[in-house]
Amino acid sequence: MAVSEASLADSGTVRQRLIAALGLAVVEATQVEDLEAARIANEAVAKLLGTAGSEGTVDAELVDLARKRRET
């Protein structure tokens, strides 16, 4: 693991730390071929990125990179 849990605990807001931890979980789950766990962690990241927190909500744009590459 490139980033330790201790360094995650010391930096950023709670939301940023959650996103970082879930991002690591996606990588780790993928490495051991637990794609269901990776998908769930990825969806949680998307939900956290899709809301602004206590100030209100902001829609996050999801991009299909494969489709964008085909279109260009």
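The values are calculated or read from the model by the stated rules, or taken from the named source; none is laboratory data. The structure displayed is predicted, hence computed values, not measured ones. All Cβ positions, even for glycine, are placed from backbone atoms using ideal geometry, and neighbour counts span all protein chains on display.
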request  = Test Asp64 against the stated conditions and say whether it is within 27 Å of Thr13 (Cβ to Cβ) and modelled with pLDDT under 85.
outcome  = no
request  = Report, ordered by the first and then the second residue, all pairs with beta carbons closer than 9 Å, sequence separation of six or more or different chains, a first member in segment 32-58 that is farther than 17 Å from Ala20 by Cβ and surrounded by fewer than 14 Cβ atoms within 10 Å (Cβ to Cβ), and a second member that is at pLDDT 90 or above and not β-branched (Val, Ile, Thr).
outcome  = Leu35/Ala29; Glu36/Ala29; Arg39/Ala29
